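First the structure, in the form of structure tokens, and then the observations on it.
The values are calculated or read from the model by the stated rules, or taken from the named source; none is laboratory data. This one's a predicted model, so the numbers in the text were calculated from it and none came from an experiment. Because the Cβ atoms are built from the backbone with ideal geometry, glycine has one as well, and the counts that use them run over all protein chains shown. Side chains are part of the model used for accessible areas, which takes the heavy atoms of the whole protein and leaves out ligands, DNA and RNA. Shrake-Rupley method; radii C 1.70, N 1.55, O 1.52, S 1.80 Å.
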Amino acid sequence: MGMFGEDSTAEEVTAGLDLSGKTALVTGANSGLGFETARVLSLRGAHVIAVARTLEKANTACASFSGPTTAVACELSDFDSVVACSQQVQALNKPIDMLICNAGIMELPELEQVYGLERQFVVNYLGHFLLTQKLLPQVQAAEQGRLIMLGSGRYKSAPAEGIQFDNLSGEKNYDPLTAYGQSKLAMSLFARELSVRLGTSTTTANSVLPGVIMTNLGRHMPTSKIIMAKLMGWTFMKSVEAGAATTCFTATHPSLAKVSGHVFKDCNPYTPEGPHMNDAELSAKLWDTSMELLQQYL
């Protein structure tokens, strides 16, 4: 698009926009990119539904925002909690103009499982898949609803086949970065498949690669990586303000009202490397598998 770039901040890309009367739901709104995204959308007048792992964290975040807010608790690794969160949001009886699936965990050093599935896949992807399915009617009820999935440049670290459908448990040769890459590839494939299934609807779905930012997302990384990031991060890392820019741009900019099924990076459309991000067969299979895994909660 050319209007903004990698150094643009969330405030800069939303400057002049009036989001009064619009509602934005942001997961992980209590820290890092989620907090900055929610803060700026609130600053521009949006009603922010701040979703965090606990109600205390969500309320603390809301106290920092300037506009109207609703605090909601959601533990993405607990599907009952996701369903309860969606019911609370449904009870607001408000269209959702922006559904931003931002929360996540990264590089768990040891294999952890939930429901017999690798935890990063559950938290980063499946929990958001379930939440989106539950709230999709409210997004479609908005004049021009937008679904934003937070991916990562680490999609390149996913397994060679993209999604290991025969190893969603993570029990075969677990590697922290590979598992994280798979979960984030899944998020971008989800946005792609959503766009396909929405068809000519006024609702759009896109994924975002925010860049490398020092937030508490990296708290599980090896100590050596954290030390290196703190020493050398200034050479390649973005600020949180710049890291949230692409999300805010994709969620709000008028020029993107009819843009769907794309990946955005540095506030511009991005052509992913490798074969997986645009693999129609892979994204459809992931959708069908996810529906099967979550059947009793949908």
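A few points about this structure:
- Computed accessible area, Tyr155, all protein chains, 1.4 angstrom probe, square angstrom: 10
- Relative protection proxy for 273-284, 249-260, 16-27, from highest mean packing down: 16-27, 249-260, 273-284 (other beta-carbon atoms within 10 angstrom).
- Contour excess over end-to-end distance, with Cα ends at Thr202 and Gln88 and 0.36 nm allotted per residue: 38.5 nm
- Thr178 accessible area, assembled protein chains, probe 1.4 Å, Å²: 40
- Values of log10 I(q)/I(0) for region 3-148 across q = 0.09, 0.17 Å⁻¹ run -0.27, -0.93, by the Debye formula with one identical scatterer at each alpha carbon and no solvent.
- Taking amide H as placed 1.01 Å from N in the peptide plane, Val114 has its amide H under 5 Å from the amide H of Arg119, each at least 5 places away in sequence or on another chain.
- In angstrom, the C-alpha Rg and Dmax of the chain are 17.6, 51.
- Nearest-0.05 FRET efficiency for Ala15 and Leu55, computed from C-beta distance (R0 45 Å): 0.90
- Per-residue HN-Hα couplings for region 86-91 [Karplus 6.51, -1.76, 1.60; θ = phi - 60°; Hz; x = Gly/Pro]: 4, 5, 5, 5, 4, 5
- The phi torsions of region 25-30, fed into the Karplus equation with coefficients 6.51, -1.76 and 1.60 and a -60° offset, translate into couplings of 9, 10, 7, x, 7, 8 Hz, rounded to whole numbers, with Gly and Pro shown as x.
- For region 272-280, 3J(HN,Hα) per residue [Karplus equation, 6.51 cos²θ - 1.76 cosθ + 1.60, θ = phi - 60°, Hz, x = Gly/Pro]: x, 8, x, x, 8, 5, 10, 7, 5
- Computed from the C-beta positions of Ser239 and Ala63 and an R0 of 22 Å, the FRET efficiency is 0.45 to the nearest 0.05.
- Separation of the Lys156 and Ser81 label points, Cα + 7 Å toward Cβ, nm: 3.3
- Annotation for Gln296 and Ala257: the two label points, set 7 Å from Cα along the Cα-Cβ direction, are 4.5 nm apart.
- Potential lengthening between Asn278 and Glu6 on full extension [0.36 nm per residue; Cα-Cα distance subtracted]: 95.6 nm
- Sites matching GluC sites (Glu not before Pro) across region 100-161 that sit in DSSP coil, with at most 13 neighbouring C-beta atoms within 10 Å: Glu110, Glu143, Glu161
- Contour minus Cα-Cα distance for Thr289 and Asn167 (0.36 nm per residue): 42.7 nm
- Size of electric dipole in the chain: Cβ of Lys, Arg +1 and of Asp, Glu -1, about Cα centre, debye, nearest 20: 460
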